[in-house]
Amino acid sequence: MRSLRSREDSRKSPSVVRRVTAESLLRYASLRGPSLPDNPQQRVVANPILDAGKRAPAFTLPSTDGEKFRLTEHRGRWIVVYFYPKDLTAGCTTEAGDFQAALAQFEKLGAVVVGVSPDPISQHEKFAAKLKLGFELLSDRDAKVALKYGVWRTKKNYGREYMGIVRSTFLVDPSGKIVRVWDNIRVKGHVDKVLQALAEELEA
């Protein structure tokens, strides 16, 4: 009878929605692979991506230049913050290479470019060295910054759900306000669009 009541109670239980921390999300990924909890009644609620017009959340992250990158220390300059899933993968290699190829143009327009992913600094350094990157890569190991910006979300691949970075870019103006957002982007041609948007903002 106890077994029967347990099954009946489980059928009557409403779906559970949990808001979890970045640490617990990464714990699932590290212990069980990049997947959601086994209980299908549970689903992770992530923050929505930030809209243009919002103030860019401040953050401090380890950087490939050996120092801490503090967003607030770059107030007064345009900043391109792009979030990408993983170093040394095909799409992320292409995207980083495209930003590097256009880096001189971004700098001419007075903009700083930084890439952010959950990879450790040691991996970032290998990635940066391989591509000879002239801009900083930042390590967001606990995904706290990704969660603040709303880019750490549920992803699907071959029917499997898991939490990870949704490739996205934010253009932040000198006052610290987000003026352009590109969500779930396609790599091809993306950097050109960001560069054009920056030029348009400067002309406005």
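The values are calculated or read from the model by the stated rules, or taken from the named source; none is laboratory data. This structure is a prediction, so every number in the text was calculated from the model and none was measured. Positions of Cβ are backbone-derived with ideal geometry, glycine not excepted, and every protein chain shown enters the neighbour counts. For accessibility, only protein heavy atoms count, side chains too; no ligands or nucleic acids. Shrake-Rupley method; radii C 1.70, N 1.55, O 1.52, S 1.80 Å.
A few remarks follow.
- Pairs from Lys132/Lys155; Lys54/Lys193; Lys68/Lys130 whose Cα-Cα separation, in the structure shown, is over 25 Å: Lys132/Lys155
- Of the chymotrypsin sites (Phe, Trp or Tyr not before Pro) in region 152-194, the ones in a loop by DSSP (not H, G, I, E or B) with at most 11 other beta carbons within 10 Å are Tyr158.
- The residues of region 68-147 have, on average, 43 Å² of accessible surface per residue, using a 1.4 Å probe with all protein chains present.
- Gain in span if fully extended, Lys193 to Ala58, counting 0.36 nm per residue against the direct Cα distance: 46.1 nm
- The Kirkwood radius of region 141-187, taken over pairs of alpha-carbon atoms, gives through the Stokes-Einstein law at 37 °C and 0.692 mPa s a diffusion coefficient of 273 µm² s⁻¹.
- Each distinct pair of alpha carbons in region 109-159 adds a 1/r term; the inverse of their mean, the Kirkwood radius, is 12.6 Å.
- Three-way shape label, region 71-111, alpha-carbon gyration tensor, a/c 1.5: oblate
- Normalised per residue, the volume of the convex hull around the Cα set of region 105-201 (Å³): 126 Å³
- Candidates per trypsin sites (Lys or Arg not before Pro) in region 114-172, loop by DSSP, up to 10 other Cβ within 10 Å: Lys132
- Within region 104-204, GluC sites (Glu not before Pro) in DSSP loop having at most 12 other beta-carbon neighbours inside 10 Å: none
- Using a probe radius of 1.4 angstrom, the carbon and sulfur fraction of the accessible surface of region 41-197 is 48%.
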